[in-house]
Amino acid sequence: MAVGCSKDKDANSIVVTESRSYPLLNVSGGTSANAGTVTITKLADGKASLNVNLATAYRVNGVTLKASITTISGVTELMYSDLGNIDGTSGQATFSPVLILTSGLAVSYNELIAKTGYFVKIWNGATVQGTATIN
C-alpha cells in the first residue's frame, strides 16, 4: 500500500489531496499474480475517486470488463458499489466519485479506506481478472 499527496489536478480539475494504492491480484493459477493496481484518491471535497490500472496480461482486447467494490457476508458476496465498465483493451478506468450502490450517494475517501473486509473486483463474465483488498 502506498500513500501519496499531490497538488496535481485529476481529469475533472478537482484537486487531489491524498491517495492510497493497493495491489490488484489474480489467483486463478493457484498463486497470487500481479494483475495491476487500484488507487483510491481523496478529492478536494473529501469524496473518493477510484482508478484501475490492469496489467497487460489481464487485459482482454475488445471486451468490456466490470468493476465493483464488494464484501462477503457469510458465504454471500454483497456489492457495495457498482463502479462500472473498464475498457478491456486499455485496462484502465477512473470512477469519480465512487457511489454507494444502495443510496447513490458519493462515499468519502476516509470512509472508503477505513472499510474492513471490502475488496475491488474486476471481472469478465464468470472470470475474475483481479481483486484488491482495501485495508
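The values are calculated or read from the model by the stated rules, or taken from the named source; none is laboratory data. Source: prediction; values computed, not measured. Positions of Cβ are backbone-derived with ideal geometry, glycine not excepted, and every protein chain shown enters the neighbour counts.
A few comments on the model shown:
- One residue alone among Ala48, Ala67, Ala106, Ala93 is buried (at least 16 other Cβ atoms within 10 Å of the Cβ), modelled with pLDDT of 95 or more and within 14 Å of Ser21 (Cβ to Cβ), and that residue is Ala48.
- Yes/no for Ala48 being in a strand (DSSP E or B) and in contact (Cβ under 8 Å) with a residue 12 or more places away in the chain: yes
- Some residue of the stretch 95-111 being closer than 12 Å to Ser68 by Cβ and under 10 Å from the mean Cα position of the chain (by Cα): yes
- The lone exception for Thr131 - which of (1) buried (at least 18 other Cβ atoms within 10 Å of the Cβ); (2) touching an Asp or Glu at 6+ places or on another chain (Cβ under 9 Å) it fails: (2)
- The single condition among (1) free of Cβ contacts under 8 Å to residues at least 24 places away in the same chain; (2) loosely packed, with under 15 Cβ neighbours inside 10 Å that Thr39 does not meet is (2).
- Scanning the stretch 22-39 for residues that are in a loop (DSSP other than H, G, I, E, B) and in contact with a Ser or Thr (Cβ under 9 Å, 6 or more places away or on another chain) gives Val27, Ser28.
- Criterion violated by Lys42 - all others in (1) more than 12 Å from the chain's Cα centre (by Cα); (2) in a loop (DSSP other than H, G, I, E, B) satisfied: (2)
- In the stretch 78-129, the residues that are at positive phi and either in contact with a helix residue (DSSP H, G or I) (Cβ under 8 Å, 6 or more places away or on another chain) or in contact (Cβ under 8 Å) with a residue 12 or more places away in the chain (or both): Gly84, Gly91, Gly117
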